[in-house]
Amino acid sequence: MGRWRPLWLLEVVAISLMVLGTATAAGDGIPTTLDGPFEPVTVPLSDEAFRGHAVDLPDSDPRVQRRVKGWEPEQISVSLSATEDSVWISWIAGEFQIGECIKPPNPTTAASIVRYGNSKNSLTYEATGYSLVYGQLYPFEGLQNYTSGIVHHVRLTGLKPETQYYYQCGDPSIPAMSDIHAFKTMPTPGPQKYPRRIAIIGDLGLTYNTTSTVDHMTSNQPDLIILVGDVCYANMYLTNGTGSDCYSCTFSKTPIHETYQPRWDYWGRYMEPVISEIPIMVIEGNHEIEQQVENKTFVSYNSRFAFPAEESRSFSTMYYSFNAGGIHFIMLGAYIYYNKSGEFCDKHFFFI
């Protein structure tokens, strides 16, 4: 995938599905593009908002700087589970470390707890989850290693469809709890039950063009965000924070394709106001490969996001499925074998 491409708001899918339900009920058949052009129903995208050359947000930008203290949650996000009665809440507690001498935090230092309910003033339910810490390590002199803060994932179950829920996450015993956020669950599956708007984005990155894309996306008030790979482009940087538009052109003599993992944290902080309230579903791209020691790959991707892999009977975060009303999404990553000898085929397509 390329360095950056703009947003496609998948209003077409949602609109088409709603029109399909209406047309089918009326016996008028399925509308096609030949019946168009159709009146646009989204906020127009202004070309003037985008630069011809994407310029990265610097680490000095207040939108990517850490705004919490101690073990208070940051980089909060909501993801869907396989069905409408469940979601995942994810966050990070504690600051990352990068350098030659790093000490990963103990994942049990801060508990994984979400309190939630139908009112801001009545968070009567509580769910617990699990936590982890991941590293990006390089066995080469001069390269800096990275350890994340504590990554938390908590699954909420037994939720009602098309219902607004309020929640706080963190560890109340420290205390280190987040502000109160809200999300809305998806409709139940059905021939005329769909999210009103779905945003599809790819190659998002963390540039000034990203800010224009996200602003345009949120102005259209999507109910769900699908991110189809290439999240923050941390792999366009050396471990010392030096970046380039063309890694292979600028850094052709590095012993391994380096990454600057703090870009992931910057991206999570920038996106938190949006994805802490609008569910986001992610599938990997080539910029998430991020090879490190022992040939490990996709460690950041697998650690930071919650996936409904187990719920959808998948055996990998590289492919999974979920429902959003009457739409059944099948997420297929491009970086896993799909031939007869590959893991995907060997698992008999159970997740579909």
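Quick notes
- Dipole of the chain, positive direction: furthest Cα of Y134, P105, T250, with charges on the beta-carbon: P105
- Which of T124, P222, L34, positive extreme of dipole for region 8-346 (C-beta unit charges): T124
- Applying a DSSP loop filter and a limit of 11 other Cβ atoms within 10 Å to the GluC sites (Glu not before Pro) in region 96-150 leaves E100, E141.
- Charge dipole (Cα centre; +1 on Lys/Arg Cβ, -1 on Asp/Glu Cβ; no other charges) of region 8-346 amounts to roughly 600 debye.
- Counting only whole DSSP H helices of the chain, the ones at least 15 Å long by C-alpha along their axis and with mean Kyte-Doolittle hydropathy no lower than 1.0 are 11-26.
- Charge tally around L159: other residues with Cβ under 12 Å, Lys/Arg +1 each, Asp/Glu -1 each, net 0.
- For region 32-133, convex hull volume per residue from C-alpha positions, Å³: 280 Å³
- When region 200-352 is reduced to its Cα atoms, the Kirkwood hydrodynamic radius in Å: 16.9 Å
- Mean shadow area of the chain, taken as a quarter of the surface of its Cα convex hull (nm²): 20.1 nm²
- DSSP-loop trypsin sites (Lys or Arg not before Pro) across region 103-177, with at most 14 other Cβ within 10 angstrom: K120
We did not get these values from a lab; they are worked out from the coordinates using the rules stated. Because the structure is a prediction, the values reported are computed rather than measured. Note: ideal-geometry Cβ built from the backbone for every residue, glycine included; neighbour counts use all protein chains shown.
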